[in-house]
Each structure stands twice: as structure tokens, then as C-alpha cells.
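*Asks:* If you scroll down you'll find the structure; I have some questions about it.
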Amino acid sequence: MSRPRYDWWPYVKGVIRRYPALEEEYRDLHSPTVTASYSGMPGGGGDGRPMENLAIRELPTTRQREYEAVRQAIHITERMRSGGQRLQLIRLVLWQNRYTLRSAALQIPISYDMAKMYQREFIYLVARCYGLLDE
């Protein structure tokens, strides 16, 4: 008997694949600029509250939810017994896009069935953190 197909499955895989770009964008929003002010005006022409402005900058709502869901899933996975292997698999297959699931399993090394299970569980975890699955 085959597993049921979910409409959200490709969306969640896409969210996981976009995570490195979202993380970089999030980091850029929350890092202070170090560009000198060349306006010639005292005070630099800003509102004088650079740290406060950093704290209120966020990603657009949907991308922020996607970023938080994957970040939370990573945090949960890190605390698992096999968390390092699981994240290494996700990194190789979905983030770096350098390996197929089978070849990534050989790199780690784990069995192909174990790699399928790790990937499936991570996708379910992200879907749960995003709010697509009922508890």
C-alpha cells in the first residue's frame, strides 16, 4: 500500500530548499550597516536609532513564517540522537543540491531506507512547525 500524497508536500520541500537564501536575507536585515555617511550633515541624516531600526526589520510575513518553521525544525532535529546525520543529509540533498538521496546516504554513511526516513521525518517536522499538520 502506498503512502497518501499531500498537496503541501512539494510546497514544504520548496520551503526547505529556500531556507539558505532566507537565512542570508534574514541575517542581512539584522546586521548593522557599516557604510559611512557622506551627506555632510551632522548626525549622518538618519533618525539616530540604528539599533532600534535593526530590531524592527523583518522578512515579509510568509517568508518569515517559512524561515521560522525550518529554523525550529532544525533546532528540534539537532537535539535528536541522530540529528547530525539528519541535518547533514538535508544539507547535501536539499540545500546544496549536490547529491541524490541515494548518493548522500552513501556519503554519510547510512542506508538508503534510513535516508528516506530522515528526509520524510524532516519534511513532516517542517510542515508541523509551519502549521500544516494537526498535532
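The values are calculated or read from the model by the stated rules, or taken from the named source; none is laboratory data. No experiment lies behind these values; they were computed from the predicted model shown. Neighbour counts are summed over all protein chains in view; Cβ atoms, including those assigned to glycine, are modelled from backbone coordinates with ideal geometry. The accessibility values were calculated without ligands, DNA or RNA, using every heavy atom of the protein model including side chains. Shrake-Rupley method; radii C 1.70, N 1.55, O 1.52, S 1.80 Å.
*Asks:* At a probe size of 1.4 Å, how large is the accessible area of E24, to the nearest 10 Å²?
*Replies:* Taking all protein chains as shown, E24 has close to 100 Å².
*Asks:* Hey, can you find the accessible area per residue of the range 64-126 for me, probe 1.4 Å, expressed in square angstrom?
*Replies:* Result: 55 Å² per residue.
*Asks:* Modelled label-to-label distance, Y6 and Y112, 7 Å Cα→beta-carbon offset: nm?
*Replies:* 2.5 nm
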